[in-house]
Amino acid sequence: MTDIQITLTKEPKALPPTDNLGFGNYFTDHMFVAKYSEDKGWYEAKILPYGPLPLDPGASVFHYGQALFEGMKAFRQADGKIVFFRPEFNQVRMAQGAERMCLEAPPMELFMKGLHEVVKADARWIPNEPNTSLYIRPTLIGTESFLGVRPSRETMFFIMLSPVGSYYAEGVKPVKIWTEEKYLRAAPGGLGAVKAGANYASSLKAALEAKKKGYAQVLWLDVEHQGIEEVGTMNVFFVFNNEIVTPALNGSILNGGTRDAIVELLKHKNLPIVERKITITEVVERLQKGELREAFGTGTAAVISPIGELHYRDKDWKINGGQTGELSTQLYKEITGIQRGELPDPFNWITPLK
Ligand code: COI
């Protein structure tokens, strides 16, 4: 593998106050960048001061949207140790997504080396207050310049870092969700299962309209406007009296890392977690019968985000009286406890920074 050339900044930035970081508002001093071309393979792997990327205006990312990203986190634990949460999951998912997007995926070794080196360079940026972390955004883009519609023969892989607090302005309080029936996020055979920038582009209009009506996010349905898919930036779980349900990965739902971890955690606790198709009609019927105890979203950025209210057609349904439920609270504590080293990690989810 190509060696990583390291150039550290001569002008380190002042760190932002950590009591109100929000999400994605600050970027650290450095970034990792590596390039791929069909004839050279991976080359010019570098840690360099954070800044603009030189790209040709004809690069395929600008015209045909060849862009794919990951979301992951590093934490500073109580004893000062810096750790990643399930980094292999993200490399594997990026490689699967790259195949769908006709981009070249960075091999495991390059992904991990770039990740460890850039986080080491910017370790002072990792906050340690509760509910904070270093959000990591590995990204792949098509960089070859041409205008015929075909896959780029050149890929750029970069990793940028952002110290973050809560994703939602509500913090860890319950959010209000709008069930979307006009716009679609993804369709079978499309890009819904991969973390393509295009999925987020297609979600913006609905999210904007929902926001104007006072909702934090939209609940996406399938093409028949029945099957529940996911919430804007999260997978979704429903807690009924007799089962906990999350929509099965059907090819248009993102295989979320936190979703995967929560399914494993619930199985480990012998709780009745079921991955299956669930329709909005079933959710509303069970709300009417008083059988829906809690609902929550899961995501790297959002962690566990309780859903306090669900809008469907002309009705707002309160869930658990609009309060955070018992299971959401417990899962939030457990997952963040493992991440912060306050609880044992029986699943081997934690990787220390080398
Ligand atoms: C994540 O949770 O990492 C995401 O990518 C969601 C969103 C911020 C795009």
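The values are calculated or read from the model by the stated rules, or taken from the named source; none is laboratory data. Just so it is clear, the structure is predicted and the values come from calculations on it, not from any experiment. Here the Cβ is made from the backbone with ideal geometry for all residues, glycine too, and neighbour counts use every protein chain on show.
Among the residues of the stretch 1-16, how many are assigned to a loop (DSSP other than H, G, I, E, B) and either under 15 Å from Ala123 (Cβ atoms) or modelled with pLDDT of 95 or more (or both)?
Let us first name the residues in the stretch 1-16 that are assigned to a loop (DSSP other than H, G, I, E, B), namely 1-3, 7-16.
Remaining after also requiring either under 15 Å from Ala123 (Cβ atoms) or modelled with pLDDT of 95 or more (or both): 7-16.
The qualifying residues number 10.
In the stretch 280-324, how many are more than 19 Å from Gln217 (Cβ to Cβ) and of a type in the set (Ser, Thr, Tyr)?
Adding up the residues that qualify gives 1.
Looking at Ala45, Ala59, which is the one that is touching a strand residue (DSSP E or B) at 6+ places or on another chain (Cβ under 7 Å) and within 21 Å of Glu117 (Cβ to Cβ)? Steps first, answer last, please.
On the way: Ala59 fails: within 21 Å of Glu117 (Cβ to Cβ).
Among Ala45, Ala59, only Ala45 is touching a strand residue (DSSP E or B) at 6+ places or on another chain (Cβ under 7 Å) and within 21 Å of Glu117 (Cβ to Cβ).
Considering only the stretch 98-116, state which residues are surrounded by 21 or more Cβ atoms within 10 Å (Cβ to Cβ) and assigned to a helix (DSSP H, G or I).
Across the stretch 98-116, the qualifying residues are Met101, Phe111, Gly114, Leu115.
From the list Met101, Met72, which one is under 16 Å from the mean Cα position of the chain (by Cα) and of a type outside the set (Lys, Arg)?
Numbers: Met101 fails: under 16 Å from the mean Cα position of the chain (by Cα).
Unique residue meeting the criteria: Met72.
What do you reckon, is Lys81 over 21 Å from the mean Cα position of the chain (by Cα) and at pLDDT 95 or above?
Working: over 21 Å from the mean Cα position of the chain (by Cα): yes; at pLDDT 95 or above: yes.
Yes, satisfied.
For the stretch 226-258, which residues satisfy the criterion of being of a type in the set (Val, Ile, Thr) and within 15 Å of the ligand (Cβ to nearest atom)?
Within the stretch 226-258, the subset of a type in the set (Val, Ile, Thr) is 228, 231, 233, 236, 239, 244-246, 253, 258.
Residues satisfying the conditions are Val231, Thr233, Val236, Ile253, Thr258.
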